[in-house]
Amino acid sequence: QAQLVESGGGLVQAGGSLRLSCVTSTRIFNIDRMGWYRRAPGKQRELVATITNGGRTTYADSVKGRFTISRDNAENTVYLQMNSLKPEDTAVYYCNIGAGVWNYWGQGTQVTVSS
């Protein structure tokens, strides 16, 4: 089964930027959706952004205008550019890839934003 590997997390000051990447260990066929989710301490996992095969994107209201999701179909890679980071963006960020009935998750990457 394919594994997703996230990278790019870390510690950044408020107002700073990070770029998350998610690559697959093996090629996944028939991908129809890619996205990023996050789980902050003491909270449930929430959707951050998604992108379809056609490039249509959706964002959580809390990140609109600050985060940008993109994908490289040839490389089975999805990115999340995060700008103007706020302390409330602190969370573990998870990559998600859906292909038909299959749903793949990464192990998560920690993003910490200091005030």
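Dimensions of segment 17-115 along principal axes (Cα, Å, largest first)?
41, 25, 19
What residue among Arg39, Arg71, Arg27 has the largest mean-square fluctuation in a Gaussian network model of the chain, using Cα springs under 10 Å?
Checking each option, the largest mean-square fluctuation is seen for Arg27.
Return, ordered by residue number, the residues of segment 76-115 whose backbone nitrogen is under 12 Å from a label point located 7 Å along Cα→Cβ of Glu46.
Those under the cut-off are 88-91.
Hey, how much of the P(r) for segment 1-72 falls beyond 17 Å, as a percent of Cα pairs?
Value for segment 1-72: 53 percent of Cα pairs lie more than 17 Å apart.
Multiplying the sequence separation of Leu11 and Thr58 by 0.36 nm and subtracting their Cα-Cα distance, what value in nm do you get?
Stretched out fully, the Leu11 to Thr58 stretch lengthens by 14.4 nm.
Using a 1.4 Å probe, what is the accessible area per residue for segment 46-89, in Å²?
Here the residues of segment 46-89 average 51 Å² of exposed surface.
Could you work out what % of the accessible surface of the chain is carbon and sulfur, using a 1.4 angstrom probe and leaving DNA, RNA and ligands out of the count?
48 percent
The values are calculated or read from the model by the stated rules, or taken from the named source; none is laboratory data. If you're wondering where the values come from, they're calculated on a predicted model, not measured in any experiment. Cβ sites come from the backbone with ideal geometry, for glycine too, and all protein chains shown count toward neighbours. Note: accessible area is taken over every heavy atom of the protein model, side chains too, but ligands, DNA and RNA are not part of it. Shrake-Rupley method; radii C 1.70, N 1.55, O 1.52, S 1.80 Å.
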